[in-house]
Amino acid sequence: MKYFRQILVYANPYKIYGVLNIVSNVFYALFGTLAFVSLMPMLKVLFKTAEPITAKPSYEGVTKLGDFIENSINYFITIKINTEGEMKALLFMIVIVISTFLLKNIFGYLAMYFITFLRNGVLKDVRNDLYEKTVDLPLAYFSEKRKGDIIARISTDVLEIQHSFLSILELIVREPLMILFTIIAMLALSPQLTLFVFIFIPIAGFVISLVGKKLKKQSDKVQKEQGLFLSILEETLGGLRVIKGFNAEVYFNRKFKDSTSRFYRYSNSLLNRQNLASPLSEFLGIGVIAVLLWYGGSLVLVSKTLAPDAFIVYMGLAYNILTPAKAISKAVYGVKKGDAAAERVLEILHTTSPLADKPNAIVKEGFNSAISIENISFKYEDEYVLKNFSLEIPKGKTVAFVGQSGSGKSTIANLLTRFYDVNEGSIKIDGIDIRDITKKSLRSLQGLVSQDSILFNDSIKNNILLGITTKTDEEIMDAAKIANAHEFINEMPNGYDSNIGDSGNKLSGGQKQRLSIARAVLKNPPIMILDEATSALDTESERLVQDALEKMMKNRTSVVIAHRLSTVQKADLIVVLLKGKIIEQGNHDELIAKNGVYTKLVEMQTL
C-alpha cells in the first residue's frame, strides 16, 4: 500500500463522507451481530431451556455483564409470557429479530451511500490533476511515452484506484468491526469454543495470503498491456488514411490482436487468482465450521457445558464471520490492484518538468528591443542539432530560416517558444533570459502558426478563440478577414458556429491553415513564429495563405521557418542553415548575388 497511501491525500476534501461511512459501518457491524444474538431469546422460548426469572436481576459489575444481560432478557420474556402468553412473546421476539436485520441493512446502505461521494470525488480530483499535469509536461516527455498508455492511466488506472477506496474501507473498518463484534458475542456465549476457533483462523489467513502475493505484479502487466493496445488504437484512428492507402490493415490487425492476446492471458491469470479468493476463504471457513460442529456438539451432547440454543446461535455467529472474512480476502486483492494502478498514476503526477517556472520568474509584459540568440547548443538525444549558434532578431524585423531538412530550422521555433530548453548558451528577450520569464507570459508575447494545422472538434469560432474570452464577434470576423478565411466560413452551413469535425477534417488543408492564422491574428502578439506554415499547401491555397501571412506580419517581429523559398523573399534577413550552423545570411537580393547555397536552393525549387 505504499503508493496507495500517497493517493489518500485526495480524500481530505471528502473526509466528512469517510467519517459518516465509518459511523454507519460501526452500526452495521453492531446490528449485524445483534441480529444473530437476538435469535437466542426466541430459541429459549421455543425450546424452554431457561428457568423463568420472576425477580428483576441486579447489575454486579463488568465481569458478570454477560449474566446480567442474559438474566435481564430472561426476566423480560418471563414477564411477557405471564402477561400476554407464549405466542405473543414469540411474536414480539420475531419483531425484534426483524428490526435488527432491518437496521443492519439501513446502515449498510448508508455506508455505501456516503462512500460513493468520497470515491467519486477522489476519482474526479485525481483525473483533473493528471490532465493538468499532462498538459503541463514538456513535449520531450511525450516523445518517450505512448499516448495510449497516458490515456489508460487517466481512465482505467484511476478507476481502479476508485474501486480500491471501497476495498480499503472494507479492509480496515467495516468487516474487521463485524468480526470483532461477532467474536465478542461468541466469547460471551462460550469462551472455550471461541479459543478453539482462534487456533484455526490464522491457518486459513496464511493460506489466503499465499494466493495474493503475485497479484500486484500481474495487475501491473494487465494495465501496461491495456496502455499498449490503446496506443495502437489511437495511432490507427490518427493514421487511418495512410493505413488504407498502403493496404496495411492486415499488419495493424495483427499488431492489435497480438496485444489483446497478451492482455487476454494476463487478465485470465489475474482474474483467476482474484476469483480464487472468495471460494478459498469460504471453503476454509466451512472447514472451521465443521470443526466447530464436532467440538461444539461434544460440549452440548457429552459434557453438557453448552445449551443447545446457545450452540445454534454460536454456529450462526461463526458463519457470520465467513462473509466479512471473504470480503477482507477480496479487499486485500482489490487494494493490491489499486496499489499497482496508484504507482502508474503517481509516476505521472510526480514527474518534475525540467521547464517548470523558477520560483522568482518574471512576468514579462510587452516586447521592446530584440530577441538575442547567444551561442546556443541543443540536442534532442545524442547528436547536437544546433552548435554554438548566435543571432540577433531586432524588433519589427522579419527573419527567415531556410535550409535542408534536418538543418535545425524547426528546432529554433521550439526553443523560442520554450517547448524545449537549450543545453548551452541562452535566448533572451529584451536582455532577459527566457528561462527567467514565466512560460505563460513568454508565450503570450508569441503567436504560433505551425506546419500542421492543429484544430479541435469544435466550432470555427471556438477554434479561432482557443481560450481567449475577451474578444467580440466583430474582432473574430476581422481576424478571419485578415487570414482570408471569412469568405469560406460564411459559406459553411452555420457560419462561425459550424463544427469542423475531428482535427478539422471537414475543411481543406488551406482552410485549416487560414483558421490557424486567424487564431494567431486574434491573439495579436508582438512576436510571430511561422513554422513552415505553407509547406503542405497547393499553389492556390499557398497564395491565399501567403497573402494572409503578409497582412499578419505587418508591424510585427516575425520568425519564419520556411521550406518554400517563395514565401521568404520579402524577409529583412534570410538565414541559411546547414547542420545547425549559419552558412549564409542577408536579404534575398544579397544572397542571390553571392551565388552560393541559397541561390542553388532557389534554382532547385524554381526548376
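The values are calculated or read from the model by the stated rules, or taken from the named source; none is laboratory data. A quick note: this is a predicted structure, and the numbers were derived from the prediction, not measured. Every residue, glycine among them, receives a Cβ derived from its backbone with ideal geometry; neighbour counts consider all protein chains shown.
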Of all residues in segment 360-373, count the ones that are within 21 Å of VAL560 (Cβ to Cβ) and part of a strand (DSSP E or B).
4
Residue check: is ASP357 without any contact (Cβ under 8 Å) to a residue 40 or more places away in the chain, acidic (Asp, Glu) and assigned to a loop (DSSP other than H, G, I, E, B)?
no
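Residue by residue, here is whether (1) on the phi > 0 side of the Ramachandran plot; (2) aromatic (Phe, Trp, Tyr); (3) out of contact with any Phe, Trp or Tyr (no Cβ under 6 Å at 6 or more places or on another chain) holds:
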{"position": "LEU292", "(1), (2), (3)": "no, no, yes"}
{"position": "TYR295", "(1), (2), (3)": "no, yes, no"}
{"position": "LEU299", "(1), (2), (3)": "no, no, yes"}
{"position": "VAL302", "(1), (2), (3)": "no, no, yes"}
{"position": "PHE311", "(1), (2), (3)": "no, yes, yes"}
{"position": "ILE328", "(1), (2), (3)": "no, no, yes"}
{"position": "TYR333", "(1), (2), (3)": "no, yes, yes"}
Can you tell me which condition THR398 does not meet? The list is (1) hydroxyl-bearing (Ser, Thr, Tyr); (2) in contact with a Ser or Thr (Cβ under 6 Å, 6 or more places away or on another chain); (3) closer than 18 Å to SER143 by Cβ, and all the others hold.
(3)
Among the residues of segment 483-500, is any closer than 30 Å to ASP430 by Cα and hydrophobic (A, V, I, L, M, F, W, C)?
yes
Based on this model, can you work out whether ALA340 counts as buried (at least 21 other Cβ atoms within 10 Å of the Cβ), over 28 Å from ALA29 (Cβ atoms), within 47 Å of the chain's Cα centre (by Cα) and not polar (S, T, N, Q)?
yes
Within segment 1-27, can you find the residues that are of a type in the set (Phe, Trp, Tyr) and under 12 Å from ILE115 (Cβ atoms)?
TYR14, TYR17
Residue count, segment 299-312, condition surrounded by fewer than 19 Cβ atoms within 10 Å (Cβ to Cβ) and under 57 Å from the mean Cα position of the chain (by Cα), comes to 2
Across segment 247-277, what is the number of residues that are at pLDDT below 75 and loosely packed, with under 15 Cβ neighbours inside 10 Å?
1
Filter result (of a type outside the set (Lys, Arg), closer than 23 Å to GLY32 by Cβ and either at pLDDT 90 or above or surrounded by 17 or more Cβ atoms within 10 Å (Cβ to Cβ) (or both)) within segment 114-140:
PHE114, ILE115, LEU118
Test LYS147 against the criterion of being without any contact (Cβ under 8 Å) to a residue 24 or more places away in the chain, surrounded by fewer than 17 Cβ atoms within 10 Å (Cβ to Cβ) and basic (Lys, Arg), and give yes or no.
no
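A quick yes/no check of all residues on (1) more than 18 Å from ASN524 (Cβ to Cβ); (2) touching a residue at least 40 places away in the same chain (Cβ under 8 Å); (3) hydrophobic (A, V, I, L, M, F, W, C); (4) surrounded by fewer than 16 Cβ atoms within 10 Å (Cβ to Cβ):
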{"position": "LYS428", "(1), (2), (3), (4)": "yes, yes, no, no"}
{"position": "GLN446", "(1), (2), (3), (4)": "no, yes, no, no"}
{"position": "ILE460", "(1), (2), (3), (4)": "yes, yes, yes, no"}
{"position": "LEU465", "(1), (2), (3), (4)": "no, yes, yes, no"}
{"position": "GLU474", "(1), (2), (3), (4)": "no, no, no, yes"}
HIS486 passes all but one of the listed conditions (1) more than 30 Å from LEU237 (Cα to Cα); (2) touching a residue at least 12 places away in the same chain (Cβ under 8 Å); the exception is number (2)
Output yes when any residue across segment 505-513 is under 13 Å from ILE460 (Cα atoms), among the hydroxyl-bearing types (Ser, Thr, Tyr) and touching a residue at least 12 places away in the same chain (Cβ under 8 Å), and no when none is.
no
Tell me which of these SER303 doesn't satisfy, since it passes every other one: (1) of a type outside the set (Val, Ile, Thr); (2) modelled with pLDDT of 75 or more; (3) not in a helix (DSSP H, G or I).
(2)
Sort out which residues of segment 482-519 are within 20 Å of ARG543 (Cβ to Cβ), part of a helix (DSSP H, G or I) and in contact with a Leu (Cβ under 7 Å, 6 or more places away or on another chain), and write them in order of number.
GLY509, GLY510, LYS512, GLN513, ARG514, LEU515, ILE517
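With segment 527-588 as the region, which strands (runs of 3 or more DSSP E) entirely inside it contain at least 3 residues that are modelled with pLDDT of 75 or more and in contact with a Ser or Thr (Cβ under 6 Å, 6 or more places away or on another chain)?
Those strands (runs of 3 or more DSSP E) span 527-531.
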